[in-house]
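What follows is a set of notes on a single structure, which appears directly below.
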Ligand SMILES: [Zn+2]
């Protein structure tokens with residue numbers, strides 16, 4: 001795939017713009033500018049060499065991008081960076097932004113792009129300094145403005161847009177259950193959409209709880225049809241243009257999920273020209 005094998009055009013993955021956001025302390029630990037560009041270390045299988053991993057995952061809320069981003073990050077040994085986690089970590093720390101952030105959260109306001117990009121730049125520079133081989137971003141950028149700022153911070157190689165039809169997303173979100181005793185996450189939705197008029201069928205098995213949990217299942221208060229539909233509406237309004245932004249730059253990989261993880265994971269790897277060496281190895285053992 002062209003996007004994965006493209007040569008690095010920048011030596012360092014955090015640009016000078018990003019460095020402006022950084023504290024002097026971080027700068028002093030940053031590697032020299034002649035550090036090697038990202039390459040996936042070819043230790044896992046033959047297909048994984050010569051690839052950069054500066055990837056972004058896009059997709060509607062509920063599509064499962066966190067799951068796939070996290071699986072790919074372990075496979076490729078690069079960090080999975082979710083901006084929500086960066087905010088939570090900063091809040092929990094005594095970092096320079098924690099008091100400002102806790103005020104914002106207390107007042108129920110949105111965290112500004114400037115703060116997010118500041119946290120993200122710091123995270124990328126810290127990762128680069130300790131030799132990370134790249135990153136997978138999840139939950140960022142959400143808007144065109146964020147995509148433009150990110151472009152000034154680092155070169156993104158590939159943007160993977162995970163897609164499911166809206167009726168499937170809705171059913172999946174409405175099927176979510178949490179055990180109020182052990183905190184386990186389950187899904188009672190059983191999706192079986194037949195292939196029709198050229199669109200492929202989609203099968204997603206439910207993720208049922210063990211018997212001990214069955215009587216203790218609760219639904220999150222924001223997993224109602226109205227709330228889920230509103231989340232999807234906001235996503236469509238703000239994030240569809242982000243897909244367009246990356247499509248215009250030839251970086252968007254559209255991936256229609258064919259089902260749950262067992263159906264989707266091998267096909268996603270194939271689309272990315274990757275090989276899950278460990279999966280194959282354990283299957284053969
Ligand atoms: Zn339980």
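Taking 7 Å along the Cα-to-C-beta vector as the label spot, tell me the residue 226-residue 77 distance in nanometres, rounded to one decimal.
Distance between the two pseudo-spin positions: 5.1 nm.
Would you calculate the separation in nanometres between label points at residue 99 and residue 112, each defined as 7 Å from the Cα along the Cα-to-beta-carbon direction?
In this crude label model, residue 99 to residue 112 measures out at 1.7 nm.
So what's the stretch 190-256 giving for Rg/Rh, alpha carbon basis, Kirkwood Rh from the mean inverse pair distance? Intermediate results must be reported in sequence, preceding the final value.
Details: Rg = 17.6 Å, Rh = 15.9 Å.
Here Rg/Rh amounts to 1.11.
Going by average Cβ density within 10 Å per residue, which order do the peptides 109-115, 203-209 take, highest to lowest?
Numbers: 109-115: 13.3, 203-209: 17.3.
The peptides rank, most packed first, as 203-209, 109-115.
Can you work out the FRET efficiency for the pair residue 244 and residue 273, with r the C-beta to C-beta distance and R0 = 41 Å, to the nearest 0.05?
Details: r = 24 Å, r/R0 = 0.60.
My answer for the efficiency is 0.95.
Read-outs: derived from the displayed coordinates by stated rules, not from any lab. Just so it is clear, the model here is predicted, and its values are computed rather than measured. Cβ: placed from backbone, ideal geometry, glycine included. Neighbour counts: every protein chain shown.
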